[in-house]
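Here's the structure, in structure tokens; my notes come after.
The values are calculated or read from the model by the stated rules, or taken from the named source; none is laboratory data. Because the structure is a prediction, the values reported are computed rather than measured. When we count neighbours, we look across all protein chains shown, and the Cβ atoms used for this are built from the backbone with ideal geometry, even at glycine. Side chains included, ligands, DNA and RNA excluded: accessible areas come from the protein's heavy atoms. Shrake-Rupley method; radii C 1.70, N 1.55, O 1.52, S 1.80 Å.
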Amino acid sequence: MKRYIGVDLGGTNIKVALVDDGHQILIEKSRPTLLPRPAEDVCADIVAAIRDILSQAKLTAKDVCGGGIGCPGTVDGKRGVVSYSNNLAWRDVDLAPMLERAIGCPFYLENDANTAALGEARAGSAKGAESAVIVTLGTGVGSGIVIGGRLHAGYSGTASEFGHMVIVRGGERCTCGREGCLESYASATGLIRMTWEAMRKNANSRLWTLASSREEVNGRTAFEGARLGDETARRVVDLYIDYLACGAINIVNALQPEILSLGGGIAKEGETLLRPLREKVYAEIFGGRGRRYTRIEQCTLGYKAGLIGAAILAEDNAGASR
Ligand SMILES: [Zn+2]
């Protein structure tokens, strides 16, 4: 059995796992990232967590074939350098080489949305598919493209940013500086804004029984209100799915992947979200649905996708020269 180390470095937590060649997590650990901190300090904590896992498994670095790490921001995967991460407040950090020196096995770096997509595509909802696009509906909208089992990261690593595809020209201001990006509408942040706007206009909505201030509104509020039969909530959910469908249609028109998988908090609504979404997407995609069409599914690995995907990154690259 071959073993790999998978690391998912986030703004809140550092997650580390020992993963086998069947893509099963054998041991995992998590510790707080404690930002803001210099990269060297965060790196020292990652190293400590990896050593912790190896000692628990009674292994040394020689027993693992390599490690992968997913990190938020723009990364240069070829050199293993974090070019820029707004989330971590890092610039030009040679993260993979630092881990390699400290642990003593090869390390490979990718953007965290890409490692999560790789995990979901190879070991989760899109396992066995010839191509997949994974879209995560969380605080922001993350995405990754996997074709023939390989990530499409782009010429310098910044491809597959479907969250920053404009769906409303001159629309809501996005965190990236543009206006009307998919992320501004299809993220939990966007849904919360739309829910609150609808509540302010409808004093009699039952949404007020679920949340009494903007701070109490979350990504589930509108869906819960719709389940209670509230008309205002139902309209918010419809509008949300309209925006998400617009983005999904653009993705399918561009790439027609075998599977489009949705993850993140909002995707936990499952068929409540997926059924109307599929209807809207199949009604509008170029050329119609046809006999062979993109299946739209829910991600199955949750947070583990990032860990397993990072290990797969190592599995694919270990042995190849950087
Ligand atoms: Zn944007």
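Okay, here's what the table says:
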quantity: Residue list for the range 168-182, filter: open to solvent by 30 Å² or more (accessible area, probe 1.4 Å) and within 11 Å of the ligand (Cβ to nearest atom); calculated: 172, 173, 175, 176, 177, 178, 179
quantity: Candidate set from the range 125-137 (those that are open to solvent by 20 Å² or more (accessible area, probe 1.4 Å) and in contact (Cβ under 8 Å) with a residue 40 or more places away in the chain); member that is nearest to the ligand (Cβ to nearest atom); calculated: 136
quantity: Meets criteria (in a helix (DSSP H, G or I) and within 22 Å of the chain's Cα centre (by Cα)) for residue 260; calculated: no
quantity: Residues that are under 14 Å from residue 11 (Cα atoms) and of a type outside the set (Phe, Trp, Tyr), drawn from the range 83-126; calculated: 85, 86, 87, 88, 89, 111, 112, 113
quantity: Hits in the range 173-205 (condition: within 14 Å of residue 240 (Cα to Cα) and in a loop (DSSP other than H, G, I, E, B)); calculated: 180, 187
quantity: 2 or more residues farther than 23 Å from residue 144 by Cα and either without any contact (Cβ under 8 Å) to a residue 12 or more places away in the chain or open to solvent by 10 Å² or more (accessible area, probe 1.4 Å) (or both): qualifying helices (runs of 4 or more DSSP H) within the range 5-123; calculated: 39-56, 95-103
quantity: Single residue of 307, 301 found to be buried (at least 19 other Cβ atoms within 10 Å of the Cβ) and in contact with a helix residue (DSSP H, G or I) (Cβ under 6 Å, 6 or more places away or on another chain); calculated: 301
quantity: Every residue from the range 154-167 that is within 11 Å of the ligand (Cβ to nearest atom) and of a type in the set (A, V, I, L, M, F, W, C); calculated: 162, 165, 166, 167
quantity: Search result, residues across the range 124-145 that are in a strand (DSSP E or B), within 10 Å of the chain's Cα centre (by Cα) and more than 19 Å from residue 270 (Cβ to Cβ); calculated: 142, 143, 144
quantity: Matching residues, the range 206-235, being open to solvent by less than 70 Å² (accessible area, probe 1.4 Å), within 28 Å of residue 142 (Cα to Cα) and either outside any helix (DSSP H, G or I) or within 16 Å of the ligand (Cβ to nearest atom) (or both); calculated: 211, 213, 217, 218, 219
quantity: Condition check for residue 151: within 16 Å of the ligand (Cβ to nearest atom), buried (at least 17 other Cβ atoms within 10 Å of the Cβ), closer than 21 Å to residue 308 by Cα and in the same structural domain as residue 258 (by TED's automatic domain parsing); calculated: no
